[in-house]
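Have a look at the structure below before the remarks.
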Amino acid sequence: MRLPALRPLPLGAVRPRGWLLAQLRLQADGLTGRLEQVWPDVGSASGWLGGPGESWERGPYYLDGLVPLAWLLDDAALQRRARRWVEWTLASQQPDGFFGPAVNRDWWPRVVMLGVLEQYHAATGDERVPAFVERFLRHLATHLDQRPFDMWAVARGGEYLAPILATRARTAAPWLADLAERVLAGSTDWSALYRAWPYPRPAARLGWGRVLRHYLPWHARVEGWARRVRPARRTRARSAQSVRRANAAGPLVFYHGTHGVNHAMALRVPAYRAELLDDPAPLADADLAVARLRHDHGSVLGLPTADEHLAGRSPVHGIELCAVVETMRSLEELVRVSGEGRWADLLERVAFNALPAALAPDLCSHQYYQQVTQVEVTRRRRPWFNGGTDGTLFGLEPGYGCCTANMHQGWPRLAASAVQTCADGGLVLVTLLPCTAGTQVAGRRLGIEVDTDYPFGRDVIVTVSAPDGPVEVPLRVRVPGWADNATVTVVGRPIDDPVLEAGFAVLHRRWADGDTVRLHLPMPVRAERAPLADTPEPEDGTVLLRGPLVLALALREQWTALPGPGPLPDWEVRSADRWNVALCADAVAEPGRLEVSEGAVAAVPFSHDQPAVAVRVPAREVPGWRLRHGCAGPVPDLSAEPLGPARPVRLVPYGSTALRVAVFPTVACPQA
Ligand SMILES: [Zn+2]
């Protein structure tokens, strides 16, 4: 074994506590718990329940979050609901191994459902699943040449490596290696794309009329936009030759090669390839992907802008919620396979900022696109590649319904992967979330209880349980890369110079019941540079952060429900507050001296009304910095502007805002 891979605990072995439990409960009482009642696409007419309705990716997407949520919360009602879908799916398998709704034979939604079934198996041990997955993979091996990956399955074919690896771990069947090679050969070679890197510019500048001609007919047929007018009809498979011809056609290569969610998912393919070869070498491709995207399309949230296609560095371009949750999943796979804590640093950046910001505090609505600098959430067209007029509204299905179905995996998968084990059997705190987790080492039970308000608070306290007697195995606790002067205390004794291996403090001890570890993370406010405004070559402005949290200007929000027929309204959000401010340069030159107020974490952890953290910073109004197309426009020349007097403004966690400025110009402020 050349990889230092981590091993996930069975689903349900990590139990959320504290604010994480509150967050998951909000989700269960919000969109995830209500979705089948309020959204016909996953209602009882779904093709994945045998009905005539939506039969493509939406059922599997929804289940991919419902299953881990139901078992993390040990919620019998949600588990019952999930089982209905799983049972239909298991019963749908034909003698040749194929499964799913009969109206399409698309490979793409089926690999999402295989991921659902693997999670279900991890939670329940249902022995029908491994045989089911293996039969389907044999079907894929037999039919892939005649029915090559088409459209989304080409861009996302690497997803098939996950069930192949899971099956290989169970059976060691030699034919799986050959299938893995054919899967990679039949799907987009993302590593080659990042090496050649044809997309350094925003995709919108390339136009997309030609793309539509290739794309829409396929979509209308397979995904079934037509189903809104008539029930889904069985679609005829195209010939292998015509599929291959279409896959090679320039417009489709461009469409899929610039699609933000595809990039988010492609990020985990190197992890799967490394696992396949038991060799860390392919992981370098993930670094290349991150470097390319960050350089040309990066945002301060740890993932690129893409609305829905790569959109450059402007902070007013959109970031799709699907891209947020798929980036998180990729980073979870990268930290698992590489054993490197730095991927979890990036994961926390996305999870504690971009994810909560796209969800309404009550988890009953979400945004399709969020903007890093977002000063009004209104129904209007914005300068994006696509997204209609409702791309930033909070709602049930703003923009397009993929995120309505796919968002559910974000928090649950993060929680389920928070604690894992290492090759030596010891527990590893991967993300610093409040939870309990347990495993067995040489027949003895070893558990931990993690108490923390992190990322809002600075202390992580781990209490060990060893009810069968002491257990001698290392405990690994991640120390984030941004954390200078972190301290670790084991049973009251400070560890002066904790040994860090790949970002984890490795604590060797014969652990006894009741032993404690305290990780203290000083969190002085710090500054980063990020693109400031919507100009073709944006200048960098200043972003302030505290720990993993991006800080944003809090604006008092006025939420207005829009009239509509649905059971859950769409919302516009506006503010009368001034958003156009420049921070005082002297204050942000020494950000560690800024005054931070830390409050209790509210029942809604990313509350907009009672944010857990606030920072006061002196700033001056810039009257000439104005709205343009519903977005913050270019920043005027501050030296030629009449500026307001210096006054303190309040910054709060980015995830606690629906309206905000997160990247600021700076300006000299006269001494008070
Ligand atoms: Zn989406």
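The values are calculated or read from the model by the stated rules, or taken from the named source; none is laboratory data. All values reported here derive from a predicted model rather than from experimental measurement. When we count neighbours, we look across all protein chains shown, and the Cβ atoms used for this are built from the backbone with ideal geometry, even at glycine. Please note that ligands, DNA and RNA were not included when accessible areas were found on the heavy atoms of the full protein model with its side chains. Shrake-Rupley method; radii C 1.70, N 1.55, O 1.52, S 1.80 Å.
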Single residue of 97, 59, 33 found to be modelled with pLDDT of 95 or more, assigned to a loop (DSSP other than H, G, I, E, B) and open to solvent by less than 20 Å² (accessible area, probe 1.4 Å): 97
Of residues in segment 529-553 being loosely packed, with under 15 Cβ neighbours inside 10 Å and within 28 Å of residue 614 (Cβ to Cβ), the one modelled with the highest pLDDT: 529
The listed residue being surrounded by 18 or more Cβ atoms within 10 Å (Cβ to Cβ) and assigned to a helix (DSSP H, G or I), out of 90, 11, 26: 26
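Residues are listed down the side, and each one gets a yes or a no for (1) on the phi > 0 side of the Ramachandran plot; (2) modelled with pLDDT of 95 or more; (3) assigned to a loop (DSSP other than H, G, I, E, B); (4) among the basic types (Lys, Arg):
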{"position": "635", "(1), (2), (3), (4)": "no, no, yes, no"}
{"position": "639", "(1), (2), (3), (4)": "no, no, no, no"}
{"position": "649", "(1), (2), (3), (4)": "no, yes, no, no"}
{"position": "652", "(1), (2), (3), (4)": "no, yes, no, no"}
{"position": "655", "(1), (2), (3), (4)": "no, yes, no, no"}
{"position": "662", "(1), (2), (3), (4)": "no, yes, yes, no"}
{"position": "670", "(1), (2), (3), (4)": "no, no, yes, no"}
Wholly within segment 424-463, strands (runs of 3 or more DSSP E) carrying at least 1 residues that are open to solvent by 40 Å² or more (accessible area, probe 1.4 Å): 435-441, 444-452
Condition check for residue 622: in contact with a helix residue (DSSP H, G or I) (Cβ under 8 Å, 6 or more places away or on another chain), surrounded by 16 or more Cβ atoms within 10 Å (Cβ to Cβ) and in contact (Cβ under 8 Å) with a residue 12 or more places away in the chain: yes
Condition broken by residue 200, with the remaining ones in (1) free of Cβ contacts under 8 Å to residues at least 40 places away in the same chain; (2) outside any helix (DSSP H, G or I); (3) in contact with an Asp or Glu (Cβ under 6 Å, 6 or more places away or on another chain); (4) not aromatic (Phe, Trp, Tyr) satisfied: (1)
Filter result (part of a helix (DSSP H, G or I), under 30 Å from the mean Cα position of the chain (by Cα) and among the acidic types (Asp, Glu)) within segment 133-183: 134, 159, 181
Strands (runs of 3 or more DSSP E) completely within segment 472-550 that count 1 or more residues being more than 30 Å from residue 313 (Cα to Cα), free of Cβ contacts under 8 Å to residues at least 60 places away in the same chain and under 30 Å from the mean Cα position of the chain (by Cα): 475-478, 487-490, 504-507, 516-520
Members of segment 65-80 found to be assigned to a helix (DSSP H, G or I), out of contact with any Ser or Thr (no Cβ under 7 Å at 6 or more places or on another chain) and surrounded by 17 or more Cβ atoms within 10 Å (Cβ to Cβ), listed by number: 67, 68, 70, 71, 72, 78, 79
Hits in segment 281-304 (condition: assigned to a loop (DSSP other than H, G, I, E, B) and more than 14 Å from the ligand (Cβ to nearest atom)): 281, 282, 298, 299, 300, 301, 302, 304
Residue 310 being touching a Cys at 6+ places or on another chain (Cβ under 9 Å), within 16 Å of the ligand (Cβ to nearest atom) and open to solvent by less than 20 Å² (accessible area, probe 1.4 Å): no
Residue within segment 114-125 that is free of Cβ contacts under 8 Å to residues at least 24 places away in the same chain, in a helix (DSSP H, G or I) and small (Gly, Ala, Ser) present: no
Among the candidates 344, 354, 415, residue that is closer than 27 Å to residue 484 by Cα, within 16 Å of the ligand (Cβ to nearest atom) and crowded, with 24+ Cβ neighbours inside 10 Å: 354
Number of the condition not met by residue 330 [criteria: (1) away from the ligand (no atom under 16 Å from the Cβ); (2) at pLDDT 95 or above]: (1)
Matching residues, segment 364-409, being surrounded by fewer than 24 Cβ atoms within 10 Å (Cβ to Cβ), away from the ligand (no atom under 15 Å from the Cβ) and under 21 Å from residue 563 (Cα atoms): 364, 376, 378, 379, 380, 381, 389
